[in-house]
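Structure record follows, encoded as structure tokens.
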Amino acid sequence: MIEQNLILILVALPFFAALINATLNVSAHRAAAWSSGLSLGAGLLILLALMPPLTEQGILRSVVQWVPSVRLNLSFRLDWFSWSFTFLVLLIGILVVVYARFYLDKTDPVPRFYSFLMAFTGAMVGVLTSGNILMLVVFWELTSLTSFLLIGYWYQNQSARDGARMALVVTGSGGLCLLVGMLVIGQIVGSYDLDRVLGSGELITSHPLYPVALVLFLLGAFTKSAQFPFHFWLPGAMAAPTPVSSFLHSATMVKAGVFLLIRFQPALGGTDLWFWLVCGTGMATLTIGAVIGLFRHDLKGLLAYSTISHLGLITALAGMGSPLAITAAVFHIANHAIFKASLFMMAGIVDHETGTRDMRRLSGLRRLMPVTAVLAILGSAAMAGVPLLSGFLSKEMFLAETLAGYDGSLFDQALPVIATVASLFSAAYSLRLVHAVFFGPEATDLPKTPHEPPHWMRLPVELLVCLSVLIGVLPALTIEPWVNLAAGSIIGPAFEGVHIAIWHGFNTALLMSVIALGGGAALYLLTAKAIEAGPEGPPLLHRLRAQKIYERILLEGTWKIPRLVYQSIGTERLQPQIRMLMLMAVIAGLYSLWGVLQFSPVPRMHDMNPAFALMWVVGAACAAGAAVQAKYHRFAAVILLGGAGLVTCVTFAWLSAPDLAVTQLLVEIVTTVLLLLGLRWLPKRNEEIPEDKEVQAKARRLRDFIIAAFAGLGLALISYALMTRPLIPNIGDWFLRNAYYEGGGTNTVNVILVDFRAFDTFGEITVLAIVGLTVYALLRRFRPAPESAVLPAQQGPFVAEALKDYLTIPALIMRWMFPVLMLVAAYFFFRGHDLPGGGFSAGVTMAIAFLLQYIAHNVRWVESRLVVLPIRWMGFGLLIAGAAGVGAWLFGYPFLTAHARYIDVPLIGKVPAASAMIFDTGVFALVMGATVLMLIAIAHQSLRSARRREQTGEAEKDTNARKETV
């Protein structure tokens with residue numbers, strides 16, 4: 001049990017740190033760094049604490065019931081592979097946090113950066129530890145979203161926005177393919193549990209849907225790990241701050257794809273299709289990345305293509321799939337993360353101290369930055385595969401695996417040649433990085449005078465380089481045990497382990513390495529001047545860039561097609577859009593219900609209550625009157641529309657649906673006021689309409705009437721068919737029988753909302769929060785024209801102000817109604833579990849209480865006396881509702897499981913109580929906050945409009961006065 005809780009804390013810690021950082025002041029740089037570093041450090045301590053039980057059991061699991069009915073639970077799984085990868089992520093994450101503390105400028109919103117960074121770290125840890133393949137996809141897509149925020153951190157920079165958008169489009173599209181692939185795999189296996197999937201390799205590979213599942217799976221992995229032809233997004237992401245590049249492109253985001261390939265190799269690998277697709281793509285990416293990287297002039301651009309090349313190397317090893325290849329892949333993941341993180345940080349130091357990353361301007365920095373130069377030389381040597389450094393060992397294992405032979409094909413035989421050529425270019429661009437930046441004459445046109453960075457900014461680079469040297473010199477004592485444990489958790493108990501040594505004697509792999517190092521040095525020395533003077537790309541191919549192809553095909557295509565559609569059927573008017581939606585709804589309804597509905601005999605007319613019939617005559621008259629008055633008097637149309645809504649409310653009460661009646665009444669009040677407020681922004685009607693346009697208007701109204709009548713008649717027929725069906729047992733009967741015994745309440749409707757289907761309600765209030773914030777954001781940007789008001793300018797910001805001379809007594813009544821409505825809201829809330837009411841009704845009632853104050857008084861008068869803060873109400877409401885669901889986990893129950901019992905209250909006695917009331921509290925707070933937020937947003941916009949009209953009126957008076965004076 002302790003291990004399960006520790007795994008949950010491990011996953012939750014980064015998200016908790018992200019929340020803390022999001023609430024910090026923009027200037028709290030140190031606090032944000034400390035909270036981030038401490039959370040990552042605590043994660044490392046948890047991993048160390050889990051080592052003994054992991055050694056004993058081999059796999060640790062932690063399962064939290066989420067939606068057990070559909071086999072979807074929060075399942076986390078930790079083996080030595082995920083343990084090692086998570087340890088690497090957290091370790092480099094701490095170094096990135098320290099580095100970023102001194103890299104980012106004081107004017108940057110640093111807490112926001114750390115909040116994004118911690119959220120991304122949490123998503124990555126979720127990917128590594130997920131025990132359910134669908135949950136893995138959720139965390140997978142979360143890494144795409146958070147990386148979008150990190151890459152676009154400097155959003156004022158056009159290149160940052162473009163790079164973030166491109167990364168999100170490519171990796172997000174791949175994530176959708178991965179989702180479909182996981183669904184197919186889950187259907188083949190019959191389970192979404194990761195252990196079940198990993199143990200069903202023969203079942204999956206022999207299934208007819210295996211090729212489909214594999215291609216979809218590989219699209220997700222290839223797009224995330226920037227494999228050819230999806231590699232182009234990664235160089236565009238270099239517009240991000242260097243700490244982001246160092247973290248995302250060394251140990252986290254781009255490594256997620258190769259992690260997935262290695263993790264699922266036992267289930268999906270071992271076939272010719274896997275070998276050709278995965279190994280072929282990896283070798284192509286390895287070569288293309290190495291060749292292009294040699295010609296890049298931007299320091300981070302060179303490292304980006306180097307990352308692409310090394311990711312191709314790991315992918316090729318995963319495609320080979322042998323035990324030694326998997327071991328080499330795991331080893332190179334760690335090595336690449338170490339030396340690439342140090343090199344990106346070094347690039348950031350050079351950029352930070354010189355003001356440029358253009359290698360054509362950088363030269364001779366070893367004299368002014370000698371320590372940084374040594375670190376860069378060692379890191380680049382590790383990247384090139386120089387002996388006695390970590391990169392040499394894993395690259396030797398890779399070269400040896402290319403000689404092993406797999407299917408005897410021409411491609412199989414060409415693997416050693418391709419690997420040697422790619423390694424040759426890798427050595428060349430590594431040498432270019434060191435020589436162009438740190439050797440040669442001192443640069444004279446740098447934006448800044450270079451010098452060594454602060455000690456704490458350079459310390460992470462020093463630690464990583466020292467670790468690379470230590471692994472290269474003492475591999476058996478440092479990294480060999482971890483590599484064997486991680487590889488063994490993938491391959492299985494049959495894996496005997498690999499001895500990693502500095503010297504394996506003279507062999508073909510060593511010869512290939514010597515050729516690559518010597519040939520790379522010769523290639524760079526012979527072509528250095530041409531490369532420095534040439535374009536950013538190989539000769540004859542620098543114009544053919546995947547990014548340009550992407551922008552031409554995808555972006556322009558996705559813009560042109562919608563534009564053509566908009567030009568054909570689009571309009572800025574609301575009525576045609578609503579008409580189109582109504583027609584589509586009618587057609588869809590006819591198509592789905594044609595021949596399905598069965599109507600019972602028409603009931604005898606004497607069975608209908610005359611009062612009910614009269615009431616609906618009044619309701620129909622109100623609806624028809626609203627349609628007629630909409631042409632002449634909008635205010636009257638709104639009032640008549642409210643009358644029709646009131647008749648609907650009474651109908652619900654008549655048909656024994658009091659909950660619906662209460663909700664309908666409250667919502668009708670709010671929507672009526674919203675319509676009244678919206679009338680101010682509609683343009684004035686032109687009373688003098690030409691005769692030809694009047695004929696067109698009548699034709700449009702007749703057409704709209706026919707559509708509305710047709711849609712209304714269709715809904716009436718559907719309602720009639722449903723309400724006259726024979727009363728057979730259905731799901732409603734089950735709810736009626738079990739509402740009290742299972743949910744502890746006699747109000748079945750509310751028990752359904754807050755207990756049986758609380759998960760749906762949680763999603764609905766989340767959507768309501770998003771809608772409220774969206775309306776608020778849109779209204780902040782919307783500025784009504786001064787002439788758009790229906791009422792005269794001097795009558796104030798609200799409709800009721802138009803009648804302020806007649807509303808003295810009603811305004812007083814509205815003021816005194818505030819405490820009364822608060823009591824009514826409390827009444828609705830506390831009785832909701834047993835009688836009509838609930839959190840939603842109480843929230844709308846409380847919103848009406850605030851609304852009356854805004855109607856009766858001026859905006860400034862109200863806000864000088866009442867502090868509402870609706871956004872905080874929404875936030876706390878969502879947190880309370882979520883906490884009510886998470887609280888069930890503490891007792892071993894699924895998310896949002898409720899508990900009901902009777903409690904003794906002094907002087908009252910036994911009172912029914914349910915934990916669902918906590919959830920209902922969140923519903924109440926969020927509904928009240930969202931409703932008030934939208935109303936206040938409209939109020940402030942109306943106030944701004946009134947102020948502009950007043951200013952316009954004063955300006956006109958001044959102009960007239962000057963004219964009279966003249």
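Local charge sum around Leu95 (other residues, Cβ-Cβ under 13 Å, Lys/Arg +1, Asp/Glu -1)? Residues close to Leu95 contribute a combined charge of +2. Here the sum of -39500 (n - 2.57) over DSSP H runs of 4 or more residues, divided by the residues of the chain, equals -23500 deg cm²/dmol at 222 nm, to the nearest 500.
By the count of neighbouring beta-carbon atoms within 10 Å, fewest first, Phe15, Phe895, Phe710 end up ordered Phe710, Phe15, Phe895. Here the contact order of the chain, divided by its residue count and restricted to Cα pairs under 8 Å and six or more residues apart, works out to 9 percent. The amide H of Ala443, built 1.01 Å from its N in the peptide plane, has Ser363 as neighbours under 5 Å, considering only residues 5 or more places off or on other chains. Value of Rg to Rh for the chain, rounded to two decimals, is 1.04; Kirkwood radius and Rg both from alpha-carbon coordinates. Expressed per residue, the C-alpha convex hull volume of the range 65-139 stands at 90 Å³. Packing, as the average of other Cβ atoms within 10 Å across residues, places the peptides 431-439, 867-875, 368-376 in the order 431-439, 368-376, 867-875, highest first. Relative contact order for the range 423-520: 54 percent, from Cα pairs under 8 Å spaced at least 6 residues apart, divided by residue count. Per residue, the convex hull spanned by the Cα atoms of the range 273-533 measures out at 119 cubic angstrom. For the range 415-482, the C-alpha radius of gyration divided by 2.2 N^0.38 Å, with N the number of residues, is 1.61.
Diffusion of the range 95-205 by Stokes-Einstein, at 37 °C in a medium of 0.692 mPa s and with Rh set to the Kirkwood radius over alpha-carbon pairs, works out to 208 µm²/s.
Look at the dipole of the range 273-533 built from charges on Cβ: of Trp482, Ser430, Leu317, the Cα furthest out on the positive end belongs to Ser430.
Taking every alpha-carbon pair under 8 Å whose residues sit at least 6 apart, the range 30-96 reaches a relative contact order of 36 percent. Across the range 1-269, counting alpha-carbon atoms alone, Rg and Dmax equal 18.5, 58 Å. Pairs from the list Lys224/Lys300; Lys255/Lys448; Lys395/Lys529 with a Cα-Cα gap above 27 Å: Lys255/Lys448; Lys395/Lys529.
Compactness of the range 11-68 was expressed as the Cα radius of gyration divided by 2.2 N^0.38 Å, which yields 1.52.
Every read-out reported here was derived from the displayed coordinates using simple, explicitly stated rules and does not represent laboratory data. Model, not experiment: these values are computed from the prediction. So basically every Cβ, Gly included, is an ideal-geometry build from the backbone, and we count neighbours across all protein chains shown.
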